[in-house]
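See structure below.
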Amino acid sequence: MSKFELKLPRMGESVAEATLTTWLKEIGDTIELDEPVFEIATDKVDSEVPSEVEGVLVEKLYDIDDVIKVGDTVAIIETEQSVEVAQPKTSTAPVEASKATKESAALVEETVKVAKETVSAPVHQVQKSNSDRFYSPLVKNIAKQEGISIAELDTIEGTGNEGRVTKNDILAYLENGKKTKTQQPVAPAPKEAVSSSAGQITSDVGMANGSDVKQIEDGEVVPLSRMGKLIAKHMVSSVSTSAHVQSFIEVDVTKIVNWRNKVKNAFEKREGEKLTFTPIFMEAVAKALKKYPLMNISLDGDTVIKKKNINIGMAAALPDGNLIVPVIKNADQLNLVGMAKVVNDLAARSRENKLKPDEVQNGTYTVTNVGTFGSVFGTPIINQPQVGILALGAIRKIPSVIETPEGDFIGIRSKMYLSHSYDHRVVNGALGSMFAKAVADYLEAWDMDREV
């Protein structure tokens, strides 16, 4: 028998610590491989930490609400597998935290239709309220920014485990105008006031409502919500940083539409997954990035950083109207089946707020589907420090000139627009246009006999 040290794993380039929120196993419990042992909360998301071995939990080195450094040993598991012998009661040296990245990159995860590369400032020590109610670092951080006291937090009705206040709870509380300008504690908002129908996108995202709205003679004065302020700040920061240029190209996707209609039912029956257009587009973008690696870079001051991995951010709509951008890691190494599974999994867990910290980081290029909302094309804003973002327009049936050896004729084709925004400081018009053309060429040359 040997003892295995279960450490707090690395959760991103700038995540240095996390708060232990729940022990899922007790001393003496049997643990299976990949079975969650405890839950942690960072400044952005909550997640479970699974075991890397099979065995029995013999020691806990931290209590609930303790702040743990990345790399520290949290638990000791006795296992029959051959592992390095642990030193009980002693945690490993903490991994050095990387420097905080620019504020604009830290805002992307919860505010814009672009991929988030890093997380924001380090987690602060969580304080308990007089009622011993636990608040995660993310909730505490939002409360601190908005000037909400612990007493006021205690009045918010939580929908999380054991009544815990979640990120969505506090954002709903803020955006429904339940916090007065003087920051006086108020009664919790009723459930019907803070919840929304699944999948429904509100039309006033970014604006506050309720008591903060002022009536004037010719309308209303509505202050921006916290989310709206973050979006505005990030947009201005990105536009002031990069020299935005756009290239547009029309793509005939008739072959893809017909092919998908032919195979989607068999695919779903065999794989248990829906085959949407998104993985097809992601595959095309990954191939184009491989062909034009200078689109897979970042700019740091006067230095260009060439990225080794192709990690594509995928904008996913949330029920409250906001977007989050999980990242498909090593997208060029996935076949279409693997891409479909990853896309569906990330999209589903985005809507359920179950993404892990490293799943919204380290993107090297971003794709946003404006066609989902009916737009023909758009001019997306670049996520710093990336240098490009591609918007996918709606697929429409339109009359088109079809060229054949026998002559030209008019036919009905399924077409869409690709809108490529790129940073003209480092990407010239030739490269930006050729990249978009490469994506289009791949889509138009789709093999109708392809098996999946």
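The values are calculated or read from the model by the stated rules, or taken from the named source; none is laboratory data. A quick note: this is a predicted structure, and the numbers were derived from the prediction, not measured. Please note: Cβ atoms are built from the backbone with ideal geometry, for glycine as well, and neighbour counts cover all protein chains shown.
Does the stretch 353-365 contain at least one residue that is under 15 Å from the mean Cα position of the chain (by Cα), modelled with pLDDT under 95, among the charged types (D, E, K, R) and over 30 Å from THR303 (Cβ atoms)?
Checked the stretch 353-365: at least one residue is under 15 Å from the mean Cα position of the chain (by Cα), modelled with pLDDT under 95, among the charged types (D, E, K, R) and over 30 Å from THR303 (Cβ atoms).
Specify which of the listed residues (ALA286, ALA315) is assigned by TED's automatic domain parsing to the domain that holds PHE377, modelled with pLDDT under 95 and not aromatic (Phe, Trp, Tyr).
Just a single option satisfies the conditions, and that option is ALA315.
Out of all the residues in the stretch 299-312, which are at pLDDT below 95 and in contact with an Asp or Glu (Cβ under 9 Å, 6 or more places away or on another chain)?
Passing the criteria: only LEU299.
Here are some residues: ASP169, ASP154. Which one is modelled with pLDDT of 75 or more, over 13 Å from SER136 (Cβ atoms) and assigned by TED's automatic domain parsing to the domain that holds PRO223?
Answer to the selection: ASP154.
Which numbered condition trips up TYR422, out of (1) closer than 18 Å to ILE310 by Cβ; (2) outside any strand (DSSP E or B); (3) in contact (Cβ under 8 Å) with a residue 24 or more places away in the chain?
(2)
Look at LYS306 and say whether it is closer than 21 Å to VAL245 by Cα, without any contact (Cβ under 8 Å) to a residue 60 or more places away in the chain and not small (Gly, Ala, Ser).
Criteria met by LYS306.
Restricting the first residue to the stretch 383-406 and requiring it to be more than 30 Å from GLY363 (Cβ to Cβ), which pairs with a second residue that is outside any loop (DSSP other than H, G, I, E, B) and among the hydroxyl-bearing types (Ser, Thr, Tyr) meet a Cβ separation below 6 Å and a spacing of at least six or different chains?
LYS397/SER414
Looking only at the stretch 391-411, which residues are assigned to a strand (DSSP E or B) and touching a helix residue (DSSP H, G or I) at 6+ places or on another chain (Cβ under 6 Å)?
ALA391, LEU392
Go through (1) surrounded by fewer than 20 Cβ atoms within 10 Å (Cβ to Cβ); (2) among the hydrophobic types (A, V, I, L, M, F, W, C); (3) modelled with pLDDT of 95 or more and name the single condition VAL236 misses.
Going through the list (1) surrounded by fewer than 20 Cβ atoms within 10 Å (Cβ to Cβ); (2) among the hydrophobic types (A, V, I, L, M, F, W, C); (3) modelled with pLDDT of 95 or more, VAL236 breaks only (3).
Might you let me know whether the stretch 53-75 holds any residue that is in a strand (DSSP E or B), among the small types (Gly, Ala, Ser) and at pLDDT 50 or above?
Taking every residue of the stretch 53-75 in turn, at least one turns out to be in a strand (DSSP E or B), among the small types (Gly, Ala, Ser) and at pLDDT 50 or above.
Would you mention how many residues in the stretch 296-308 are of a type in the set (A, V, I, L, M) and within 21 Å of the chain's Cα centre (by Cα)?
Total meeting the criteria: 1.
Among (1) modelled with pLDDT under 95; (2) within 23 Å of PHE281 (Cβ to Cβ); (3) buried (at least 20 other Cβ atoms within 10 Å of the Cβ), which single condition is SER375 missing?
Here SER375 meets the rest and fails (3).
Confirm whether ASP218 is exposed (fewer than 15 other Cβ atoms within 10 Å of the Cβ), without any contact (Cβ under 8 Å) to a residue 24 or more places away in the chain and not assigned by TED's automatic domain parsing to the domain that holds VAL367.
Yes, satisfied.
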